Amino acid sequence: MSGSAQVAEFDRIASLYDDSIPPHVTQHYVDKRVRYFQAVFAPGSRLLDVGCGTGRLAAALVRAGFRVTGIDPSLGMLQHARPRGIVATCASAGALPWPEGAFDGVYSVAVMHQIGRAHV
């Protein structure tokens, strides 16, 4: 699937995406990752979420006191992330619009296989 076809597919499923995983699984997943970030980064750290999707994890990290910026090439996904209080930019992981050192940490969840598929 080409990169543009992939983005179009994520735009198409954005409103269904969060419901594709049972809530108790999502909660466990998010809680575990928030604890990890709390153990590794100081409160108030600036984090970049590459491939933020609908912003579930990023929103939980904001509630935990982190300053999170998200990027995703799918405007459909970002339409769900922004109402969750995420500063979100439509951008590609290959062309970040910030200078080096702008963030204390960068993370990406369930994205690398999408990048690989787009460039095969």
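The values are calculated or read from the model by the stated rules, or taken from the named source; none is laboratory data. These numbers come from a predicted model, not from an experiment. All Cβ positions, even for glycine, are placed from backbone atoms using ideal geometry, and neighbour counts span all protein chains on display. Keep in mind that these areas ignore ligands, DNA and RNA; they rest on the heavy atoms of the full protein, side chains included. Shrake-Rupley method; radii C 1.70, N 1.55, O 1.52, S 1.80 Å.
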Any residue in the range 70-83 that is open to solvent by 20 Å² or more (accessible area, probe 1.4 Å) and either over 19 Å from S15 (Cα atoms) or of a type in the set (S, T, Y) (or both)?
no
Can you go through A110, A39, A60 and tell me which one is closer than 22 Å to D19 by Cβ and either modelled with pLDDT of 95 or more or of a type in the set (D, E) (or both)?
A60
What are the residue pairs meeting all of these: first residue in the range 35-56, first residue in a helix (DSSP H, G or I), second residue open to solvent by 20 Å² or more (accessible area, probe 1.4 Å), Cβ atoms under 7 Å, and 6 or more apart or on different chains?
Q38/A64; R56/D18
When you look at L78, is it more than 13 Å from Y107 (Cβ to Cβ) and in contact (Cβ under 8 Å) with a residue 12 or more places away in the chain, yes or no?
yes
When you look at V25, is it of a type in the set (V, I, T) and open to solvent by 30 Å² or more (accessible area, probe 1.4 Å), yes or no?
yes
